1. Report yes if some residue within the stretch 280-287 is at negative phi, in the same structural domain as residue 417 (by TED's automatic domain parsing), buried (at least 22 other Cβ atoms within 10 Å of the Cβ) and modelled with pLDDT of 90 or more; otherwise report no.
2. Evaluate the following for residue 385: is it touching a strand residue (DSSP E or B) at 6+ places or on another chain (Cβ under 6 Å) and part of a helix (DSSP H, G or I)?
3. Keeping to the stretch 95-122, report how many residues are out of contact with any helix residue (DSSP H, G or I) (no Cβ under 8 Å at 6 or more places or on another chain) and in a loop (DSSP other than H, G, I, E, B).
4. Would it be correct to say that residue 84 is surrounded by fewer than 20 Cβ atoms within 10 Å (Cβ to Cβ) and closer than 30 Å to residue 311 by Cβ?
5. Please verify whether the stretch 284-292 includes one or more residues that are farther than 18 Å from residue 378 by Cβ and under 21 Å from the mean Cα position of the chain (by Cα).
6. From the list 285, 231, 272, exactly one residue is in contact with a strand residue (DSSP E or B) (Cβ under 8 Å, 6 or more places away or on another chain), in a helix (DSSP H, G or I) and within 25 Å of residue 217 (Cβ to Cβ). Which is it?
7. Taking the stretch 96-117 as the search range and keeping residues that are in contact with a strand residue (DSSP E or B) (Cβ under 6 Å, 6 or more places away or on another chain) and under 21 Å from residue 69 (Cβ atoms), which one is surrounded by the most Cβ atoms within 10 Å (Cβ to Cβ)?
8. Assess whether residue 219 counts as being surrounded by 24 or more Cβ atoms within 10 Å (Cβ to Cβ), within 17 Å of the chain's Cα centre (by Cα) and at pLDDT below 95.
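The values are calculated or read from the model by the stated rules, or taken from the named source; none is laboratory data. Please read all numbers here as calculations on a predicted model, not as lab measurements. Methodologically, a virtual Cβ is constructed for each residue, glycine included, from the backbone with ideal geometry; neighbour enumeration extends over all protein chains shown.
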């Protein structure tokens with residue numbers, strides 16, 4: 001009885017320490033990731049800045065908050081004249097190779113029917129461009145009003161959250177039923193993709209007690225491998241995606257065989273192993289940056305094809321990604337509930353010692369979980385790269401906090417809890433833009449996480465444990 005009580009205290013202490021560590025990390029780094037890492041990961045523009053190139057761009061949306069597709073703009077300045085056109089998500093960009101002042105002119109005849117500039121006097125407008133950086137300009141649409149809109153904007157895509165095709169114009173357009181429905185659907189899609197990346201994180205914690213801070217890099221690895229397969233090797237997207245998932249799963253097998261199995265054999269504690277994952281995360285991030293650079297990479301260069309379903313506007317990539325994520329999550333659920341190995345995995349997650357006494361090979365199950373989890377993360381990276389319309393060296397790191405928020409909110413160690421938590425986080429992130437600026441969209445998700453931990457520390461689907 002004393003041993004059971006001690007074990008209960010240890011598990012409770014581990015969960016409490018993990019929750020505190022995650023909350024601290026969330027609160028101290030959210031602003032940094034939102035302003036930098038998220039911007040890079042979410043940028044859908046073709047333009048990539050470097051020492052000799054600057055990007056001019058922005059996002060144009062209708063008065064109802066929908067992307068304004070096909071709007072033509074001209075950027076004229078010291079480096080010549082460059083033409084640009086808004087893509088399916090309303091974003092546009094133009095690359096220039098000479099610094100100086102550029103005049104950006106919007107062709108009002110190409111605006112969607114019934115749309116006008118909110119501040120016609122601000123067209124054209126002048127922006128200062130510096131090589132190696134991005135300059136932006138907004139052209140707000142809607143009923144003309146005194147004062148119009150500001151010409152200064154963040155760099156293209158800077159205010160869009162990872163995993164969304166959301167506007168960078170904050171809460172413009174007002175709260176309407178159409179906008180609520182649009183953001184709800186976007187939140188569900190983003191939640192499904194986030195769940196695909198988060199389920200493996202929860203499975204690893206459930207079977208080993210390890211909080212893997214390098215899991216985000218498994219997501220990045222999948223996206224970069226898909227980019228390599230399509231753009232470098234010239235393979236079809238399906239072939240490149242399968243290749244990315246297989247290599248991602250193999251990397252998980254190799255990690256457990258080469259690192260984690262040996263650390264467990266040496267009886268290294270969960271906290272020490274967690275510190276190793278943080279170091280591994282940093283090594284992988286900067287390795288990716290060394291090989292692929294710091295700019296955005298498009299897995300598929302063609303602009304997404306918009307699809308209207310009633311009042312909701314999506315694109316084909318988002319729809320296909322959501323469907324694949326649904327099938328993959330359903331397959332994981334079937335594996336856990338209806339297969340012998342899946343039931344053994346749940347047994348190890350509930351009580352490793354009892355599972356071992358029942359004849360289950362705990363190390364074999366842990367190896368399978370690592371392989372499955374990293375494969376799912378790689379698949380999530382491919383789909384998120386398509387959903388973002390771009391990937392980057394730090395894409396996984398930019399969404400790692402959301403992944404931890406999802407698994408903690410749903411219940412640590414429970415795969416289905418990760419699904420529920422991801423859906424909640426996705427909806428909160430998207431719907432919050434109706435009332436707060438896009439740059440603060442993570443704040444709502446973090447507030448929900450903190451409240452749930454205060455009211456129900458075990459999470460939505462977690463089980464309360466008796467201590468003592």
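1. Within the stretch 280-287, the subset at negative phi is 280-287.
Applying the additional criterion that residues be in the same structural domain as residue 417 (by TED's automatic domain parsing) yields 280-287.
Still in the list and also buried (at least 22 other Cβ atoms within 10 Å of the Cβ): none.
Scanning the stretch 280-287 turns up no residue that is at negative phi, in the same structural domain as residue 417 (by TED's automatic domain parsing), buried (at least 22 other Cβ atoms within 10 Å of the Cβ) and modelled with pLDDT of 90 or more.
2. yes
3. 11
4. Considered against the rule, which asks whether it is surrounded by fewer than 20 Cβ atoms within 10 Å (Cβ to Cβ) and closer than 30 Å to residue 311 by Cβ, residue 84 comes out as no.
5. Within the stretch 284-292, one or more residues are farther than 18 Å from residue 378 by Cβ and under 21 Å from the mean Cα position of the chain (by Cα).
6. Result of the check over 285, 231, 272: 231.
7. Applying the filter and picking the extreme gives 104.
8. Numbers: surrounded by 24 or more Cβ atoms within 10 Å (Cβ to Cβ): yes; within 17 Å of the chain's Cα centre (by Cα): yes; at pLDDT below 95: no.
No; evaluated as a whole, the condition is false for this residue.
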